[in-house]
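*Asks:* After the structure tokens below, expect a handful of questions from me.
The values are calculated or read from the model by the stated rules, or taken from the named source; none is laboratory data. Keep in mind the model is a prediction, meaning the values are calculated, not measured. Note: ideal-geometry Cβ built from the backbone for every residue, glycine included; neighbour counts use all protein chains shown. Just the protein is used for accessible areas: all its heavy atoms, side chains included, with ligands, DNA and RNA removed. Shrake-Rupley method; radii C 1.70, N 1.55, O 1.52, S 1.80 Å.
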Amino acid sequence: ESDAGSPEALMGAVLERVTPAPLDAAPRQALESYLVAGGPWTAATPRTLVDASALRADIALVRARGYAISDEDVTPGIRSLGMPILDGAGRLLGAVSVGGLAAESRARNDELVTALGRAAAALGVSGS
């Protein structure tokens, strides 16, 4: 098990990958320094992201898409989706995620993303 914010958490856990996505410039610089200092890391599965370039690309994709996917990169057969919870000003409050069997999660991806979006919006509004 890894600590939140550790390289192992960032490369594997969906919540740690989604929370860096909406950061402002200063935290993004800190994240970049963190990525430059670390890696390559040990893979938990053949799908684990193990180098800084792969993590940068994944975080950029999360920013563009609005949610993170952990697809069998921590545990074979398990897939998770995560989405940031933002307040009315776009500041990060936290994140929500859902995980399950990889095949079912892939088949229901759009439905799960919609449900996560509703949950994140509701929690962002009530939490701000």
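*Asks:* Taking all protein chains as present, what is the carbon and sulfur share of the accessible area of the stretch 38-128, in % to the nearest whole number, probe 1.4 Å?
*Replies:* Working: 2840 of 4840 Å².
Looking at the stretch 38-128 in its full context, I get 59 percent from C and S.
*Asks:* Tell me, what is the FRET efficiency for Asn109 and Ala89 to the nearest 0.05, using R0 = 25 angstrom and their Cβ-Cβ distance as r? Could the numbers behind the result be given before it?
*Replies:* Details: r = 29 Å, r/R0 = 1.17.
After rounding to 0.05, the efficiency reads 0.30.
*Asks:* Follow-up. Any idea what log10 I(q)/I(0) is at q = 0.13, 0.14 Å⁻¹ for the stretch 24-128, Debye with uniform C-alpha scatterers and no solvent?
*Replies:* Debye intensities relative to I(0), on a log10 scale: -0.56, -0.65.
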